[in-house]
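J.: The structure's right below; bear with me while I get my questions together.
The values are calculated or read from the model by the stated rules, or taken from the named source; none is laboratory data. In this text, all values refer to a predicted model and were calculated from it rather than measured experimentally. All Cβ positions, even for glycine, are placed from backbone atoms using ideal geometry, and neighbour counts span all protein chains on display. Surface areas here come from the heavy atoms of the whole protein model, side chains and all, with no ligands, DNA or RNA. Shrake-Rupley method; radii C 1.70, N 1.55, O 1.52, S 1.80 Å.
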Amino acid sequence: MALQRPSRAYLAVPAHRARLVAKAAASGADAVFMDLEDAVPPAEKGVALGEAAGALSSLDWGNKRVTVRLNAVDSPFIAEEIRTLAALPRLDAVIVPKAERAGDIAAIAEQLRAAAPDRAAPVTLELLIETALGLVNVDTLAAAHDSVAALHLGVGDLAASLGARTSDIGISPDGYRHVGSAQSGYATAPLDLFAYPMMRLLVAARACGLRAIDGPCGAFRDARLTEASAQKAAAMGFDGKQVIHPDQIEPTLRAFTPSAEELAQARRVVEAMETAEAQGQGAVTLDGKMIDYANVRMARRIIGLGS
């Protein structure tokens, strides 16, 4: 397997924009994906592939996780993309968009291996779950091949696939208000379009030992909304979140990095249980709450995130 680099802030960049790709390589993001799909006009597909291959060969990516989002499995471009990219040593993974069927994923994985049989570490696959069918099949997709390493939530296309009445990326539409004015006495009903898809994807990822990456917040100029969206994903247990602009990197990294207070409390939990265990106890009270080994496992994950 490829080296597992962190992916808290996962920056997307159009592959055909060489200047932006170079800036992404020098950015503070943990991970970058060069996009060959939605961010690239059809007439620029060949240019984008050449630029992505050149960037993988020539740029200093530091310790970043570097991936490329391929075109769709039924596109006329994907076969050449696999042949061009598979053997490049700096490529950690490819992102497969609109992943829906396990057979397609297994076929792409085998094509990548056949295109670079002597590669030391096989290219891994990260699956973009962004349609209703993909979400229904997410369990089988996660287990489709041993090279699958992560699941991403594609919030924009998923909203379109579900028929949601919104045109904002990664932001739920306003809640339902009863017909009438704001003075009608009816409160707005809260709506979280992505709560179920996020948890559904997260469970599938964890069941198969994969990383889980949330989709981007489209309001890239709004640092508070960006960070709040990332905090939600981090609190749920996601490993990272896509970002679509460099301004979103720092707020997202903050959200996925435990605070000093969180780390201190997690260490107190571990220390309290170690003391209890030395006294022959399997549980102990800390700050008026009962804690046991489940609390320790949660606390140690927080400590690991801060290391």
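J.: What does the charge dipole of the chain about its Cα centre add up to, to the nearest 20 debye, if the Cβ of each Lys and Arg holds +1 and the Cβ of each Asp and Glu holds -1?
T.: Rounded to the nearest 20 debye, it is 320 debye.
J.: Once you've got the GNM for the chain with C-alpha springs shorter than 10 Å, pick whichever of Ala87, Ala144, Ala264 has the biggest mean-square fluctuation.
T.: Ala264
J.: Right, something else. Please name which of Ala260, Gly237, Met298 has its Cα lying farthest along the dipole of the chain towards the positive end, using unit charges on Cβ (Lys, Arg +1; Asp, Glu -1) and the Cα centre as origin.
T.: Final value for the positive-end residue is Ala260.
J.: Would you work out which of Thr285, Leu56, Val13 lies farthest towards the positive end of the dipole of the chain, given +1 charges on the beta-carbon of Lys and Arg and -1 on that of Asp and Glu, about the Cα centre?
T.: Checking the options against the dipole of the chain, the answer is Thr285.
J.: Something else now. Which angle between 0 and 90 degrees, to the nearest 10, do you get for helix 293-305 versus the longest principal axis of the chain when only C-alpha atoms count?
T.: Roughly 50 degrees between the two axes.
J.: Reachable aspartates and glutamates from Lys45, Cα under 18 Å, same-chain residues fewer than 8 places away excluded?
T.: Asp35, Glu37, Asp74, Glu80, Glu81
J.: Oh, and also: Given a 1.4 angstrom probe, I'd like the percentage of the accessible area of the range 187-279 that is carbon and sulfur, rounded to a whole number.
T.: Numbers: 2590 of 4570 Å².
That share works out to 57 percent.
J.: Classify the range 10-74 as rounded, prolate or oblate from the Cα gyration tensor: take a ≥ b ≥ c as the square roots of its eigenvalues, call it rounded if a/c is under 1.5, otherwise prolate when a/b beats b/c and oblate if not.
T.: Verdict is prolate for the range 10-74.
J.: Could you go through the range 117-134 in sequence order and give the Karplus-derived ³J(HN,Hα) for each residue, using 6.51 cos²θ - 1.76 cosθ + 1.60 with θ = phi - 60°, rounded to whole Hz, and x for Gly and Pro?
T.: Rounded to whole hertz, the list is x, 9, 5, 5, 10, x, 5, 8, 10, 10, 9, 9, 8, 9, 9, 4, 5, x.
J.: With each run of n ≥ 4 DSSP H residues scored as -39500 (n - 2.57), what mean residue ellipticity at 222 nm is computed for the chain after dividing by its residue count and rounding to the nearest 500 deg cm²/dmol?
T.: Calculated from helices alone, the mean residue ellipticity at 222 nm is -12500 deg cm²/dmol.
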